[in-house]
Amino acid sequence: MALLAAPLKVCIVGSGNWGSAVAKIVGNNVKKLQKFASTVKMWVFEENVNGRKLTEIINNDHENVKYLPGYKLPDNVVAVPNLNEAVQDADLLVFVIPHQFIHKVCDEITGRVPKKALGITLIKGIDEGPEGLRLISDIIREKMGIDISVLMGANIANEVAAEKFCETTIGSKILENGLLFKELLQTPNFRITVVDDADTVELCGALKNIVAVGAGFCDGLSCGDNTKAAVIRLGLMEMIAFARVFCKGQVSTATFLESCGVADLITTCYGGRNRRVAEAFVKTGKSIEQLEQEMLNGQKLQGPQTSAEVYRILKQKGMLENETVMGSLSSGMRPWLQYFELLFEPLEGTGGLRSVPCQAPGFPFLHFRHLPTSLFSFSG
């Protein structure tokens, strides 16, 4: 870790539902820890809310009334509408924005922060590059030249803001950097485990949102808990297989048993926004974009976007087949299908696949039936 002189200045890049919940934690923690500067800057994309600027509301009323209403932010969290001003001289950067905006943000702030700065990404998504999969942490690392840790876990933002107990996982290739962010972020009700399998931690956070969309479809179709459990189990198996194909380093199955893995998958498939919106999509027939406006105050879902990217990555690698297991909404890539199919092994003597009929448009799915069975083993 580069030598950083205390007190360390913290900037939170993003101010949505999750970003504001994290700001609440960080703002309270830095008041008690001399290692960190007492003021926390939070970059806020400026919006007007009932005739007032959102930054003014946050700085005067200490509440993000649009994205985290009902929860007071510490008075040492300062909303800054100018991104370059927010990150200026920051030692620690906490990235928590929709993943589709990471290129633009990094391009704007590269050269504005010290090379010794450290970052952590809470962004749940992936990106595509000429050679296929690119992790969000890799994009930040390559563009800005700083070390990046990742934080993923079963962390519904409103429950974190309400200080209900939860666990989370930090993945860091440099242990002391991960431990520094643990010190910044951990509370008695927000318990953190640090592991070195950072790429797997990050992939878990992205892929679980795809499975959650499938779980939401199950709920919207009243398929029942047994079917939903099958979707979750099959989704987990494909998450493991995907990680073993695309992660550059060793993938430990134990990482999937941390909060970033099975815990986050369960939470998201039962209580997350991707599940809720997917259920509403089936029941109402409204578009995803319309439901984002109505249910999320315009915040963007990660599941549909990530599934489209996963689809294109697998297609680029020649790893697609028509049979299906893990949901992959590829809006803009293929027409929406007539059925939502939940696939298992073919029934003996049928030569076909079991499926659950859908009364609403479904979406294309992906699976890894063609991969070696060793990828699905639970060793390592």
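The values are calculated or read from the model by the stated rules, or taken from the named source; none is laboratory data. A quick note: this is a predicted structure, and the numbers were derived from the prediction, not measured. All Cβ positions, even for glycine, are placed from backbone atoms using ideal geometry, and neighbour counts span all protein chains on display.
Overview of results
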quantity: Hits in segment 291-324 - residues which are touching a Leu at 6+ places or on another chain (Cβ under 9 Å), assigned to a loop (DSSP other than H, G, I, E, B) and either within 25 Å of Asn17 (Cα to Cα) or modelled with pLDDT of 80 or more (or both); calculated: Leu301
quantity: Candidates Gly272, Gly285, Gly235, Gly214 - the one that is modelled with pLDDT under 90, surrounded by fewer than 18 Cβ atoms within 10 Å (Cβ to Cβ), out of contact with any Cys (no Cβ under 6 Å at 6 or more places or on another chain) and more than 30 Å from Lys35 (Cα to Cα); calculated: Gly285
quantity: Single condition Leu151 does not satisfy, out of (1) in contact with a helix residue (DSSP H, G or I) (Cβ under 9 Å, 6 or more places away or on another chain); (2) within 26 Å of Tyr71 (Cβ to Cβ); (3) not in a strand (DSSP E or B); calculated: (3)
quantity: Some residue of segment 21-32 being surrounded by fewer than 23 Cβ atoms within 10 Å (Cβ to Cβ), farther than 30 Å from Met295 by Cβ, more than 22 Å from the chain's Cα centre (by Cα) and among the β-branched types (Val, Ile, Thr); calculated: no
quantity: Pairs with Cβ under 8 Å, 6+ apart, first in segment 127-143 and in a helix (DSSP H, G or I), second surrounded by fewer than 17 Cβ atoms within 10 Å (Cβ to Cβ); calculated: Ile139/His103; Lys143/His103; Lys143/Asp107; Lys143/Thr110
quantity: Every pair of residues 6+ apart whose Cβ atoms lie under 8 Å, when the first sits in segment 299-311 and is closer than 11 Å to Asn274 by Cα while the second is at pLDDT below 80 and not basic (Lys, Arg); calculated: Gly303/Leu329; Pro304/Leu329; Pro304/Ser331
quantity: Scan of segment 232-256 for residues that are within 14 Å of Val195 (Cα to Cα) and within 17 Å of the chain's Cα centre (by Cα), ordered by number; calculated: Thr255, Phe256
quantity: Filter result (among the acidic types (Asp, Glu) and not in a strand (DSSP E or B)) within segment 164-178; calculated: Glu176
quantity: Any hit, segment 16-28, residues being farther than 22 Å from Asp107 by Cα, without any contact (Cβ under 8 Å) to a residue 60 or more places away in the chain and assigned by TED's automatic domain parsing to the domain that holds Leu118; calculated: yes
